[in-house]
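Report on one structure; see the data block that follows.
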Amino acid sequence: MKILKLFIIIIILITNFTKGNSNESKDNLVNKISKNIRCLICQGQSIYDSQSDFSISMRLVIKKKLEEGLTEKEIYDFLKDKYGQWITYEPEFNKKTFILWIMPILLFIIGGAILFNRLFVKKY
Amino acid sequence: MLANQIGYYSLILGLISSIIIIPISLKNYPQNNETINRKIISLSFFQFFFVLVSFIGLVFSFINSDFGNETVYNNSHTTKPLFYKISGTWGNHEGSLLLWLLVLTFFIFLFLVKSKSQPKKYRILTLLFQQIIIIGFFIFVLKTSNPFNYLFPTPKEGLGLNPILQDPALAIHPPILYLGFVGSSVVFSSSLAAVVQGYISKSWANHIKIWILISWFFLTIGILLGSIWAYYELGWGGFWFWDPVENVSLMPWLSLTALLHCILVLEKKTILTSWTITLSISTFVLSVSGTFLVRSGILNSVHTFANDPERGLFILFFLFFLIFLALIVFFVFHKNGNHETVKINFLSKETSILINNWFMMYFLSVVLIGTLYPIFLEVLTNEKISVGPPFYNKLILPFLVPFLIFMTFVPYLRWIKSEYNKIKIDIILLFILSFIVSFLLFKQFGFESLMISILIPFTFYLFLITAKDLLSKNKKNFSQKVSHFGFSFLVLSILLNSIFSSEIIINLKEGETFSFQGGAIKFHSLEENNGKNYKSIIGNFEIYDDKNQSIKLMPELRIYNQPSIVTSEADIKTTLFYDKFLVMNSVKNNEYFNVRYQLKSFMIWIWISTLILALGGFLSFTKRLYEK
């Protein structure tokens, strides 16, 4: 129990002071966003990884949008509006993709239920 | 030309061997003698021999640059270094399938020779199932991907091998990976044979474990090599991109890792039989689906080099056939009643292995669904989505926390039943220590991601626990301890790498210096150089750190002549604590170069820890050979 208490205290400490640390520099933010944006003319590369003209100009667009004061999320939305869902590596949660997000977790729960049944319920 | 002819006819002889082996085996099967007809083993050897001759024929065609052969023409060039002429043999679709066949026939021959202590009928059935797979691949190679097609008139020069494939790590990556994939086919055939014979038992588990270990070891090393290659050759400084083709090699690995744990239970007690068979089947099916997805060109991936719909369709058909066959065998022959009805105690090793499997299956389902869902969505609704790193991070990282915690308990559980052991004081001390260390890290650096902040202390804890076990005097289950230590070390290295790595991207021209917080990059000069089949521009850079010490880095831009492709070769200085990674790219119509400098922390430990992980499997394997 003591360990549990200690654990909870530490977790709270950790979460508290990670919050104060979201001041990333602009370049880092550009890189972070670039990693989640697909280069549309390449084979499976992000615009961060690719050196194509498309990627270079996209990185400039992101930088410009950040300077205009858009947030990270607004930039993703802007790009998705312009180029469609294909451009982002993080699929939205909507009625076409909820299976994608929910299914693994559902399988995990079902697996857990089978395991629980095998260990505790099944009679011999 | 001659080598080409010999190769082709030898391949056909290989197929004919299959056709002869099957009736002889069927005739031998019901006979009551204890041993397999010697003819079968000789034929199996000849089959391997024919495919080997065929393969060597192709290698010779490549070495001699025989452009009358279409495969050589498409993938080789006279100016290519000899080493890459040879590795070019399997660096393409046709050749890589021939390699599949070579390993398939070699493994089944090895299986026959090494399984003498096993029941005869089981051995023959394994051979038969394996021959079905082999015939499938023979037809596939001969019909859709013949490596010995003629070209007439003979072209003077070949088209060359994609330069990014001209690399030592990638030269040996496919063969190693295939050893893993094909090893799982032996496990597949053998488990089907064992089901038919009602032979799913402790002794079967004991015997097939060695094949599981072989596959697992090679698959692990194969994935590692691919990852190392991506790190320095694709030139971005990452080592895992959650690219579909990478995922496709990870899926059989996850399934096989689950099977490897599961077989340990079956070795001790006849339980979990259906589950073991399911995993044996799924591992191989995932390996073949991987080949299908990569070769059919369905996946949009950086690794897709060859694709052709006809090939895709064939593999898809073959895949469904294999699944269908496996299901029929499973439902007709498998009797669930013949295993021991033992209650599994909650605090036993069996439970821990089941929990391991539970998580492995979860990780597998995330990767599987993440890879396949976009394909299905596009077919059904014509809508394209991309599933990339953010998806996998979100679904995998949170589940890693309980998985790591659970792994710390494992060494303290015994088979059948464990009592609540008095929890030892040093374990608590390690627990506190790992939190203190993590806390100091946070205090010093502060991380942005909550998930990583939570993962760090638990990973540290698991690392300390597994290190303690590894160093303990008790050498029981030593190979397991090595692998578990390797795994925790790997997770730790990946986490530290993701936290501490930093990078600078700038445009520089010759003679310029860029200063940043804690150092400077100086672009001294450019020089030109001529390689055997490329020209290169080498940049002379000097990187200063905060103590004003400097190192030289010389990234390269290579302009290959055939095919004419520009690649950028990173220059990497590796030390124990970090890699200094520098890559440059030309900016169009400009004297400036786009320079990307990265400080990658603990990079070398990611490779070393994966090697340790694989080493555990290797130790377990050699120990068994030694005991026999």
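The values are calculated or read from the model by the stated rules, or taken from the named source; none is laboratory data. None of these values were measured; they are calculated from a predicted model. Glycine gets a Cβ as well: all are built from the backbone with ideal geometry, and neighbour counts include every protein chain shown.
Does region B:173-184 contain any residue that is hydroxyl-bearing (S, T, Y), on the phi < 0 side of the Ramachandran plot and assigned to a loop (DSSP other than H, G, I, E, B)?
No, because not a single residue in region B:173-184 is hydroxyl-bearing (S, T, Y), on the phi < 0 side of the Ramachandran plot and assigned to a loop (DSSP other than H, G, I, E, B).
Only one of (1) assigned to a helix (DSSP H, G or I); (2) surrounded by 20 or more Cβ atoms within 10 Å (Cβ to Cβ) is not met by B:F239, so which one is it?
(1)
Can you name the number of the only condition in (1) within 12 Å of chain B (Cβ to nearest Cβ); (2) more than 14 Å from A:D27 (Cα to Cα); (3) outside any loop (DSSP other than H, G, I, E, B); (4) without any contact (Cβ under 8 Å) to a residue 40 or more places away in the chain that A:K82 fails?
(1)
Please give the helices (runs of 4 or more DSSP H) falling wholly within region B:19-94 in which 2 or more residues are among the hydrophobic types (A, V, I, L, M, F, W, C).
Numbers: elements: B:38-63, B:70-75, B:82-87.
Fully inside region B:19-94 and qualifying: B:38-63, B:82-87.
Can you tell me which residues in region B:545-558 are surrounded by fewer than 17 Cβ atoms within 10 Å (Cβ to Cβ) and in contact with a strand residue (DSSP E or B) (Cβ under 7 Å, 6 or more places away or on another chain)?
Within region B:545-558, the first condition is being surrounded by fewer than 17 Cβ atoms within 10 Å (Cβ to Cβ), and the residues that meet it are B:545-552, B:554.
B:D545, B:D546, B:S550, B:I551, B:K552, B:M554 - these are the residues of region B:545-558 that are surrounded by fewer than 17 Cβ atoms within 10 Å (Cβ to Cβ) and in contact with a strand residue (DSSP E or B) (Cβ under 7 Å, 6 or more places away or on another chain).
So, in region A:82-103, how many residues would count as being loosely packed, with under 13 Cβ neighbours inside 10 Å and basic (K, R)?
Matching residues across region A:82-103 total 2.
On the given criteria, is B:T144 touching a residue at least 12 places away in the same chain (Cβ under 8 Å) and within 30 Å of B:I36 (Cβ to Cβ)?
No; evaluated as a whole, the condition is false for this residue.
Within region B:115-159, work out how many residues are within 25 Å of the chain's Cα centre (by Cα) and part of a helix (DSSP H, G or I). First the steps, then the outcome.
Applying the first criterion (within 25 Å of the chain's Cα centre (by Cα)) to region B:115-159 yields B:126, B:129-138, B:140-141, B:145, B:147.
Okay, now just the ones that are also part of a helix (DSSP H, G or I), so B:126, B:129-138, B:140-141.
Residues that pass the stated criteria total 13.
Examine region B:530-551 for a residue that is touching a helix residue (DSSP H, G or I) at 6+ places or on another chain (Cβ under 9 Å) and closer than 15 Å to B:V583 by Cα, and state whether such a residue exists.
Taking region B:530-551 first, the residues touching a helix residue (DSSP H, G or I) at 6+ places or on another chain (Cβ under 9 Å) are B:533-534.
Filter once more, so that each one left must be closer than 15 Å to B:V583 by Cα: none.
The answer is no; no qualifying residue exists.
Give all pairs with beta carbons closer than 6 Å in which a residue from region B:220-248 that is within 10 Å of chain A (Cβ to nearest Cβ) meets a residue that is of a type outside the set (D, E) and part of a helix (DSSP H, G or I); count only pairs at least 6 apart in sequence or on separate chains.
Sorted first by the residue in region B:220-248, then by its partner, the pairs are B:W242/B:P389; B:W242/B:Y392; B:P244/B:T371; B:V245/B:V294.
When region B:415-434 is examined, which residues are found to be within 11 Å of another protein chain (Cβ to nearest Cβ) and at pLDDT 85 or above?
If the condition is that a residue be within 11 Å of another protein chain (Cβ to nearest Cβ) and at pLDDT 85 or above, then B:I432, B:S434 are the ones that fit.
Counting just the residues of region A:33-55 that are of a type in the set (A, V, I, L, M) and more than 20 Å from A:L66 (Cβ to Cβ), which one comes out farthest from the other protein chains (Cβ to nearest Cβ)? First the steps, then the outcome.
Applying the first criterion (of a type in the set (A, V, I, L, M)) to region A:33-55 yields A:33, A:37, A:40-41, A:47.
This time we only want the ones that are more than 20 Å from A:L66 (Cβ to Cβ), so: A:40-41.
On the way: A:L40: 10, A:I41: 12 Å.
That would be A:I41.
Of the numbered conditions (1) hydrophobic (A, V, I, L, M, F, W, C); (2) surrounded by 15 or more Cβ atoms within 10 Å (Cβ to Cβ); (3) under 25 Å from the mean Cα position of the chain (by Cα), B:L625 satisfies every one except a single condition; which is it?
B:L625 satisfies every listed condition except (2).
So, B:E267, is that one more than 14 Å from every other protein chain (Cβ to nearest Cβ) and among the acidic types (D, E) or not? Walk me through it before giving the result.
Values: more than 14 Å from every other protein chain (Cβ to nearest Cβ): yes; among the acidic types (D, E): yes.
Yes.
Is region B:467-476 home to any residue that is free of Cβ contacts under 8 Å to residues at least 24 places away in the same chain and within 14 Å of chain A (Cβ to nearest Cβ)? Outline the logic, then answer.
Here is the first cut: in region B:467-476, the ones free of Cβ contacts under 8 Å to residues at least 24 places away in the same chain are B:467, B:470-476.
Subsequent filtering for residues that are within 14 Å of chain A (Cβ to nearest Cβ) retains none.
No, every residue in region B:467-476 fails to be free of Cβ contacts under 8 Å to residues at least 24 places away in the same chain and within 14 Å of chain A (Cβ to nearest Cβ).
So which of A:L106, A:L70, A:L40 ends up being of a type in the set (A, V, I, L, M), exposed (fewer than 13 other Cβ atoms within 10 Å of the Cβ) and more than 15 Å from the chain's Cα centre (by Cα)? Talk me through it step by step, then tell me what you get.
Numbers: A:L70 fails: exposed (fewer than 13 other Cβ atoms within 10 Å of the Cβ); A:L40 fails: exposed (fewer than 13 other Cβ atoms within 10 Å of the Cβ).
Result of the check over A:L106, A:L70, A:L40: A:L106.
Looking at (1) among the aromatic types (F, W, Y); (2) out of contact with any helix residue (DSSP H, G or I) (no Cβ under 6 Å at 6 or more places or on another chain); (3) under 18 Å from B:S601 (Cα atoms), find the lone condition where B:F460 falls short.
(2)
Going by what's in this entry, would B:F602 be described as at negative phi and aromatic (F, W, Y)?
Values: at negative phi: no; aromatic (F, W, Y): yes.
The answer is no for B:F602.
Out of all the residues in region B:371-406, which are of a type in the set (G, A, S) and more than 7 Å from chain A (Cβ to nearest Cβ)?
Initial filter on region B:371-406 (of a type in the set (G, A, S)): B:386, B:388.
Correct list: empty.
Can you pull out the residues in region B:432-478 that are more than 30 Å from B:S620 (Cα to Cα) and in a loop (DSSP other than H, G, I, E, B)?
If the condition is that a residue be more than 30 Å from B:S620 (Cα to Cα) and in a loop (DSSP other than H, G, I, E, B), then B:G446, B:F447, B:E448, B:S449 are the ones that fit.
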